[in-house]
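Visitor: One structure, pasted below without further comment.
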Amino acid sequence: MSERRYSEQEVGAIFELATKAQAGSPRQLPKGSDTTRRILGMPIGVGRTVNLGRKLSDAEWEHLVVKIREMFDATGRVKQEGAFRQWSNGNLQVLLEPTPTGHQLRMRTVRSRSLGLMIGGFGAFVVAAAMLGSTAMASGADPARAASAAVFMGATGLGLFAWGALVLPGWSRLRRRQMEEIAELLTAPRE
């Protein structure tokens with residue numbers, strides 16, 4: 001089989017097309033998927049999985065951990081079990097997992113503080129409603145005093161729920177952007 005030879009003009013045209021394509025299009029991220037865990041429509045957890053399509057070297061993993069620590073301003077803990085590697089800081093996890101084509105990076109986190117506030121607030125609201133219902137049915141109780149206690153508890157519950165819920169949209173946008181930046185680090189030209 002003879003090998004095809006390109007003329008200088010053809011080589012120049014190929015390089016010109018490649019340069020234009022690279023300059024004109026944004027850098028392509030490895031194949032990935034985003035996940036969002038929701039409660040009552042609000043994002044309580046976010047995640048991103050990036051299929052690298054190659055193996056990450058030990059040096060690349062170590063460099064990535066340094067960048068993750070800087071980005072989240074957290075030392076976290078690094079752990080390795082066989083082919084699995086992990087950096088975690090509380091609910092925030094970055095996992096490097098083997099795949100048939102190399103590695104995938106799985107990032108995920110949950111805003112457990114907001115979840116606790118929302119569950120606690122909802123619970124207080126339910127107890128307040130039960131207090132109002134039992135006061136209405138009870139005889140001999142001071143209805144005004146019981147109602148004011150129930151209203152206070154219900155308002156406190158709603159306040160706790162709102163406190164937990166209001167931060168979620170901004171928090172989830174920030175975490176998504178950070179996960180996207182980590183994914184972009186993996187596509188930067190290797191040194």
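No value in this document is a laboratory result; all are computed from the given coordinates. Here the structure is a predicted model, which means the values were calculated and not measured.
Visitor: Any chance you could get the radius of gyration and Dmax over the Cα atoms of region 51-191, in Å?
Guide: Taking only Cα atoms of region 51-191, I get Rg and Dmax of 23.7, 80 Å.
Visitor: Follow-up question, since we're still on this one. Can you give the extra length, in nm with one decimal, that the chain gains between VAL66 and GLN86 once fully stretched, where that is 0.36 nm per residue apart less the Cα-Cα distance?
Guide: Length gained, VAL66 through GLN86: 5.9 nm.
Visitor: Moving on to the next point. Classify region 89-129: rounded, prolate or oblate, from the alpha-carbon gyration tensor (a ≥ b ≥ c, eigenvalue square roots; a/c under 1.5 rounded; otherwise prolate if a/b is larger than b/c)?
Guide: prolate
Visitor: Could you run the Karplus curve 6.51 cos²θ - 1.76 cosθ + 1.60 with θ = phi - 60° over region 159-170 and give me ³J(HN,Hα) per residue in whole Hz, x for Gly and Pro?
Guide: x, 4, 4, 5, 4, x, 7, 5, 7, 4, x, x
Visitor: Send over the Kirkwood Rh of region 114-166, from the inverse of the averaged 1/r over different Cα pairs, rounded to one decimal Å.
Guide: 11.1 Å is the Kirkwood radius here.
Visitor: A further question on this structure: Normalised by the number of residues in region 38-142, what is the relative contact order in percent for Cα pairs under 8 Å and 6+ residues apart?
Guide: Value for region 38-142: 28 percent.
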